[in-house]
Amino acid sequence: GNASAQTNLGVKYDNGEGVPQDDKEAIRWYRKAADQGDASAQGNLGTMYDNGEGVPRDYKEAIRWYRKAADQGNASAQTNLGVKYDNGEGVPQDDKE
């Protein structure tokens, strides 16, 4: 139940470090941590949806997770969310946002 450990395990599966690379397993661990409010896991989960890794590509779901992480001050998620608004992917294109 330790969100930080779950995020770290997700990273290991995501990158194939010490375990076989497995996007679906990474998603499983990221989701456990993200559901507990871990901003890193939320941002990583957003990236998985953004890239269609282990799940079908879904910009709206990516944005949902990016926003959760961004609202907690996760700089990477804030950047990724800004890119989505810049490109109009999953949200209306909005330079001000």
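The values are calculated or read from the model by the stated rules, or taken from the named source; none is laboratory data. Every value quoted in this text rests on a predicted model; they were computed, and no experiment measured them. Quick reminder, even Gly has a Cβ in these numbers, built from the backbone with ideal geometry, and neighbours come from all protein chains shown. Keep in mind that these areas ignore ligands, DNA and RNA; they rest on the heavy atoms of the full protein, side chains included. Shrake-Rupley method; radii C 1.70, N 1.55, O 1.52, S 1.80 Å.
Before moving on, here are some points about what is shown:
- Identity of the residue in the stretch 1-20, of a type outside the set (S, T, N, Q) and outside any helix (DSSP H, G or I), that ends up farthest from Gly90 (Cα to Cα): Gly18
- For the stretch 49-61, the criterion of being out of contact with any Cys (no Cβ under 8 Å at 6 or more places or on another chain), hydrophobic (A, V, I, L, M, F, W, C) and in a helix (DSSP H, G or I) is met by no residue.
- The residue pairs whose first member lies in the stretch 17-35 and is under 15 Å from Thr47 (Cβ atoms), whose second member is among the hydrophobic types (A, V, I, L, M, F, W, C) and open to solvent by 40 Å² or more (accessible area, probe 1.4 Å), and whose beta carbons are closer than 6 Å, counting only pairs six or more residues apart or on different chains, are Trp29/Leu9.
- Selection within the stretch 66-97 - open to solvent by less than 80 Å² (accessible area, probe 1.4 Å), assigned to a loop (DSSP other than H, G, I, E, B) and either in contact (Cβ under 8 Å) with a residue 24 or more places away in the chain or touching a helix residue (DSSP H, G or I) at 6+ places or on another chain (Cβ under 8 Å) (or both): Gly73, Asn74, Glu89, Gly90, Val91, Asp94
- Evaluation of Gln42 against (1) under 13 Å from Val11 (Cβ atoms); (2) open to solvent by less than 30 Å² (accessible area, probe 1.4 Å) (one fails), failing number: (1)
- Checking each residue in the stretch 21-38 for being touching a helix residue (DSSP H, G or I) at 6+ places or on another chain (Cβ under 8 Å) and either open to solvent by 20 Å² or more (accessible area, probe 1.4 Å) or not in a helix (DSSP H, G or I) (or both) picks out Gln21, Asp22, Asp23, Glu25, Arg28, Trp29, Arg31, Lys32, Gln36, Gly37, Asp38.
- Some residue of the stretch 8-20 being modelled with pLDDT of 95 or more, of a type in the set (Asp, Glu) and within 10 Å of the chain's Cα centre (by Cα): no
- Of all residues in the stretch 9-20, those being surrounded by 15 or more Cβ atoms within 10 Å (Cβ to Cβ) and either out of contact with any Pro (no Cβ under 9 Å at 6 or more places or on another chain) or polar (S, T, N, Q) (or both) number 5.
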